[in-house]
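The values are calculated or read from the model by the stated rules, or taken from the named source; none is laboratory data. The structure displayed is predicted, hence computed values, not measured ones. All Cβ positions, even for glycine, are placed from backbone atoms using ideal geometry, and neighbour counts span all protein chains on display. Ligands, DNA and RNA are excluded from the accessible area calculation, which covers all protein heavy atoms including side chains. Shrake-Rupley method; radii C 1.70, N 1.55, O 1.52, S 1.80 Å.
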Amino acid sequence: MNNSDEVLSRLDTLIKIQALSAVSHLSTKKEKTLFLHEAGLSPKEIAVIVGTSPASVSQTVYADKKARKG
C-alpha cells in the first residue's frame, strides 16, 4: 500500500466515523439513510454505516422521493 492509498483509507475511515456521529441522534434506519443521502453519500457508503444493503438504501430513497411527490 503506497502513501496515497493509505491516506485515502484513513480519510474513508474518518468519514465513516463522522457519519456515524452525525446520525447518532436519529432513531430509525430510514432517518439515518435519508440524512446521509442528503449529505451526498452513495448507497454503498450508507449501507455500511447504517448496517443494511445498498439495494435497501436505494429503495428507501426512492420511496421517500415518491412519497414527497405524492
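Worth a mention:
- Neighbours by Cβ (under 7 Å, 6+ apart or cross-chain): first from the range 6-26, surrounded by 12 or more Cβ atoms within 10 Å (Cβ to Cβ); second part of a loop (DSSP other than H, G, I, E, B): A19/L41
- Subset of the range 34-70 (residues that are part of a loop (DSSP other than H, G, I, E, B) and either of a type in the set (D, E) or within 12 Å of A19 (Cβ to Cβ) (or both)): A39, G40, L41, S42
- For Y62, the criteria (1) at pLDDT 95 or above; (2) touching a helix residue (DSSP H, G or I) at 6+ places or on another chain (Cβ under 9 Å) hold in every case but one, which is (2).
- Among residues that are free of Cβ contacts under 8 Å to residues at least 60 places away in the same chain, in contact with a Pro (Cβ under 9 Å, 6 or more places away or on another chain), open to solvent by 60 Å² or more (accessible area, probe 1.4 Å) and of a type outside the set (F, W, Y), K44 is included.
- Among the residues of the range 29-41, just one is closer than 18 Å to A67 by Cβ and surrounded by fewer than 11 Cβ atoms within 10 Å (Cβ to Cβ), namely E38.
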